[in-house]
Amino acid sequence: MSIRILLSSGIFWALLAAALYTLSAATSKILVEDFHVLQILFFRQIVVLLSTLRSIVGNFPHSLYTQRPGLHALRLAGAFLALSCGIWAVAVLPFATAVTLSFSQVFFVALLARLFLGEVVSRRTFTAIGLGFFGVLIVMRPSSEGLSSLYALVPLLSGFGGAMAVISVRRLSQTESTATLLLYQSIFVGLLSGLPLIFLWQTPTLQQLPLLLAVGFIATLGQWAGIHALRLVEAHIVGVFEYVKLVYAETLGVLVFDEHSDRQTLIGASIIVVAAFYAMRLRARANGFGPPFSGGTAPRVTASTARDTGKPGSG
């Protein structure tokens with residue numbers, strides 16, 4: 001298979017993954033009119049657990065063993081914050097705005113990697129981070145009276161939580177098996193979202209139940225499409241097509257939710273995309289991948305390393 005065909009195939013799967021993740025978020029936005037955020041997350045985790053059950057059972061009971069319970073706890077806290085706030089964000093903000101602000105995760109990952117992994121962050125990267133957060137501020141509309149809406153902080157919390165999870169996985173993947181990573185997140189995020197449902201539960205109708213399950217099913221398909229893309233091409237190339245989510249989100253916002261982004265949101269989104277792409281390109285060069293769209297063989301990707309791609313709301 002030629003490099004051109006290989007690259008095109010990887011791009012197809014990357015575009016499909018972005019579309020599926022966006023569709024899952026849009027389905028969540030529809031459901032929050034009738035269900036609590038945690039109930040939607042709980043059903044999502046049920047589907048995720050079922051999809052990973054074969055790997056978990058095949059390695060049981062070894063998948064229970066861990067050398068780093070504290071780091072697992074940090075990862076689980078980050079994953080729960082990212083997933084719950086990700087659903088909350090699309091509930092309280094225009095869909096395209098919520099998706100735009102979720103890309104703050106890229107900048108949080110760079111900062112946390114410097115603080116906790118000791119990775120070298122160049123001046124150019126810091127410039128990209130600063131530019132990215134400037135774009136975030138434009139979308140958030142700060143004024144002398146404060147933010148236009150405190151809800152604009154919710155997707156930032158999601159981005160920070162996602163960055164915590166990414167940094168934790170980078171450490172955990174050195175000693176923990178894929179089955180262990182899958183088991184702990186599937187079960188404990190499910191418990192964190194499920195226990196409050198003693199008080200928050202709303203019994204779904206036969207029409208609503210398939211939609212609740214679809215959130216997890218679509219997200220799982222998106223995750224595996226992303227993994228397939230990463231097996232075909234380098235991570236930094238796949239990362240470029242993450243930003244197609246903004247196009248998908250704007251389209252769904254108009255067609256499904258009758259929401260239209262104003263000029264300020266579009267300007268801020270453009271700045272975020274440029275800054276994030278620049279930061280990602282610098283990181284790719286630092287890791288020895290060369291410039292974007294160069295030829296080469298993609299690294300081997302597993303289910304655990306795929307979670308290390310910085311996707312907003314992944315888990």
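Of the helices (runs of 4 or more DSSP H) lying entirely inside region 80-145, those carrying at least 2 residues that are without any contact (Cβ under 8 Å) to a residue 12 or more places away in the chain and of a type outside the set (S, T, N, Q) are 105-116, 123-140. Mind listing whichever residues of region 38-72 are among the β-branched types (Val, Ile, Thr), more than 23 Å from the chain's Cα centre (by Cα) and assigned to a helix (DSSP H, G or I)? 57, the sole residue that qualifies. Scanning region 168-195 for residues that are outside any helix (DSSP H, G or I) and touching a Phe, Trp or Tyr at 6+ places or on another chain (Cβ under 9 Å) gives 176, 177.
Based on what the data block shows, is residue 51 in contact with a Pro (Cβ under 8 Å, 6 or more places away or on another chain) and of a type in the set (Ser, Thr, Tyr)? So residue 51 fails the test. Based on this model, can you work out whether residue 181 counts as under 28 Å from residue 46 (Cα atoms) and modelled with pLDDT of 85 or more? No; evaluated as a whole, the condition is false for this residue.
One line per residue, one yes/no per condition, for (1) closer than 21 Å to residue 80 by Cα; (2) charged (D, E, K, R); (3) surrounded by 21 or more Cβ atoms within 10 Å (Cβ to Cβ):
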{"position": "10", "(1), (2), (3)": "no, no, yes"}
{"position": "14", "(1), (2), (3)": "no, no, yes"}
{"position": "23", "(1), (2), (3)": "yes, no, no"}
{"position": "26", "(1), (2), (3)": "yes, no, yes"}
{"position": "31", "(1), (2), (3)": "yes, no, yes"}
{"position": "36", "(1), (2), (3)": "yes, no, no"}
{"position": "49", "(1), (2), (3)": "yes, no, no"}
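Is it the case that residue 156 is within 19 Å of the chain's Cα centre (by Cα), farther than 25 Å from residue 106 by Cα and modelled with pLDDT of 90 or more? So residue 156 does not fit the description; no.
Residue-level check: of (1) touching a helix residue (DSSP H, G or I) at 6+ places or on another chain (Cβ under 6 Å); (2) over 28 Å from residue 253 (Cβ atoms), residue 53 misses just (1).
The values are calculated or read from the model by the stated rules, or taken from the named source; none is laboratory data. None of the values given here were measured: they were computed from a predicted structure. As a convention, Cβ positions derive from the backbone with ideal geometry for all residues, glycine included, and neighbour counts pool all protein chains shown.
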